[in-house]
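First comes the structure, then the notes that go with it.
The values are calculated or read from the model by the stated rules, or taken from the named source; none is laboratory data. This is a predicted model, so every value here is computed, not measured. Cβ coordinates were reconstructed from backbone atoms using ideal geometry, including for glycine residues, and neighbour counts include every protein chain displayed.
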Amino acid sequence: MIIDAAPGPFTFDRDSTALVVIDMQRDFLLPGGFGESLGNDVSQLRRTIEPLAALIAAWRAAGLPIIHTREGHKSDLSDCPPAKLNRGKPSMRIGDPGAFGRILIRGEYGHDIVDELQPIDGEIVVDKPGKGAFYATDMQEVLEKLGITSLVVTGVTTEVCVHTTVREANDRGYECLVLADCVGSYFPEFQRVGLAMIAAQGGIFGWVADSPSVIAALQE
Ligand code: TIU
């Protein structure tokens, strides 16, 4: 399949490409949740839900693999370094009781994926303690087992977990296409510049396109 992308066409095969959906979790996306408590405008992230739901439906219909990730920690926070726990001065911190359970703790309601994008049986969920999907996870093993060499990357947030994951993947030899309408940042300027950084310098660590062109290619 060939996708019209920046900085040029992105080519991928059905049998070696996975869709990666990063951290579409209630704690980041729901009004009243952790993300909003940090002073963020969650509508900047919520605009990705509808196009992502359409993309996931097309990806499922094509029978290709989907990997969802969730950022979060064990209930005793033993996998959360103090440098992460103490960062900034938020009104709520990781592990504190929030509107949707303890914030970013595995097993809590807020840690799980929003209703619209819930994984179905057979889809892989990678739980990660960091921003990147490769650090301290079995992501690479999962991809190798599936014979995956290309990733179509979506989710939140563009400049944090999406960027970190794409940079980690690029360094490991994966070709990454990031879909602009399916990734979101709380900050519009970071969204724009975050995407520009990926495709600059001849695609220094990836390609950027929109989901309708991927959906059209899947349906060819
Ligand atoms: N998933 C992800 O990006 N985690 C973050 O903490 N992002 C922020 O932008 N805060």
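For segment 109-128, enumerate the residues that are free of Cβ contacts under 8 Å to residues at least 60 places away in the same chain and part of a loop (DSSP other than H, G, I, E, B).
Across segment 109-128, the qualifying residues are Gln118, Pro119, Asp121, Gly122, Glu123.
Quick one: in segment 117-135, which of the residues that are farther than 28 Å from Val193 by Cα and at pLDDT 95 or above is nearest to the ligand (Cβ to nearest atom)?
Within segment 117-135, the match that is nearest to the ligand (Cβ to nearest atom) is Val125.
Checking the conditions here, which among Leu45, Leu64, Leu29 is in contact with a Lys or Arg (Cβ under 8 Å, 6 or more places away or on another chain), at pLDDT 95 or above and within 12 Å of the ligand (Cβ to nearest atom)?
Sole residue among the options that is in contact with a Lys or Arg (Cβ under 8 Å, 6 or more places away or on another chain), at pLDDT 95 or above and within 12 Å of the ligand (Cβ to nearest atom): Leu29.
What are the residues in segment 37-64 that are in a helix (DSSP H, G or I) and of a type in the set (Gly, Ala, Ser), if any?
If the condition is that a residue be in a helix (DSSP H, G or I) and of a type in the set (Gly, Ala, Ser), then Ser37, Ser43, Ala53, Ala54, Ala57, Ala58, Ala61, Ala62 are the ones that fit.
Tell me the residue from Thr165, Thr154 that is buried (at least 16 other Cβ atoms within 10 Å of the Cβ), touching a residue at least 24 places away in the same chain (Cβ under 8 Å), assigned to a strand (DSSP E or B) and hydroxyl-bearing (Ser, Thr, Tyr), please.
Answer to the selection: Thr154.
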